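Input: a single structure, listed below in structure tokens.
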Amino acid sequence: MKRRIFLSAITLLVIFSGWRALAAQQEVPVNMGFYLPAIRDANMADLKVSLGVWTEEIAKPYNIRIHTSSYVDIDSVRQALQRDELNFINAPGMELAELFRPEELRNGYARRRLGVDEGLVLVVAKNSAIHDFADLRGRKVSHLSDDRLSSYFLETQCLKTSGKDCSDFFRLREEKRDIQSVYSVFFGRTDAALVQFSTLRIAEDLNPQVASRLRKILDWKASALIFGMMTRQTNASHRKLILDSVREVMKTPRGRQLLELFKTDYLQPVDADALKPYWSLLDEYSQLRRSSQEKNR
């Protein structure tokens, strides 16, 4: 009898301890951050409402608290990270590569589109005399404004080709929308345009003449352009909950609505290795920049 009471007491203690640990774990919120410059075409009011409802639906089945924050520039994200305020960050791969080292990120997901390569492509008019990057010297080149990946890629190519900044190699024209860069080459306003593969596909679908009148001369590929990644501050038990719940919510009408808002067909699970092309580009740029500065001393 005493042994049975003793075992019952031990069982209750284990259950109580487990309950307390779970309760303590649930009291720690998951802080999700969204980098707004990556969401260019969405209505901000609609976006914030959708994100609020979406995170509530993620949290509800698992009884966890989720807080969302939005950021308008990379410095504000960096400051939030320094204060340990973010467990999960949704941002372009280039910004993530600037903010984190590989060991500082956990797993997450990539935003993908069906049947489209992810990355950048440099296009020119098919009948032009431009065949490689060196031929762009003195020409007019358009790209998406306030896009760090485009800037790093172009500056890397300029440094590699001429040892100079792009501002000294050709004339830059920035566009607020990526598809405007495609049309700037199509209508002869610029000599070349650096755009996303998905943008070029959209332009070709809207106007088949785009495919027949433009030619690709250079590209850069990655597994995705936008990611949602967990930081090392994320509680280990929360990682699986978040990924599982995101996957399930994406099957709901609300989830599909959010995918449409983000112009995404599906989410692909990834780990930090998915950002390797971005870290490689950043390293190449940094090395070329140092070499250029040493030569100009």
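Things worth noting here:
- Remark: pairs (first residue in the range 114-130, under 19 Å from residue 192 (Cα atoms); second residue aromatic (Phe, Trp, Tyr) and in a strand (DSSP E or B); Cβ separation under 6 Å; 6+ apart in sequence or on different chains) = 119/220; 120/220.
Residues checked against (1) farther than 30 Å from residue 233 by Cα; (2) among the hydrophobic types (A, V, I, L, M, F, W, C); (3) modelled with pLDDT under 95; (4) part of a helix (DSSP H, G or I):
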residue	(1), (2), (3), (4)
96	no, yes, no, yes
103	no, no, yes, yes
121	yes, yes, no, no
131	yes, no, no, no
154	yes, yes, no, yes
168	yes, no, no, yes
172	yes, yes, no, no
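- For the range 91-113, the condition of being more than 21 Å from residue 222 (Cβ to Cβ), surrounded by 15 or more Cβ atoms within 10 Å (Cβ to Cβ) and out of contact with any strand residue (DSSP E or B) (no Cβ under 7 Å at 6 or more places or on another chain) holds for none of the residues.
- Residues of the range 133-152 satisfying the condition of being under 13 Å from residue 184 (Cβ atoms) and either more than 20 Å from the chain's Cα centre (by Cα) or assigned to a loop (DSSP other than H, G, I, E, B) (or both): 139, 140, 141, 142, 145
The values are calculated or read from the model by the stated rules, or taken from the named source; none is laboratory data. Here the structure is a predicted model, which is why all the values come from computation and not from measurement. A quick note on method: Cβ atoms are made from the backbone with ideal geometry, for glycine too, and the neighbour counts reach across all protein chains shown.
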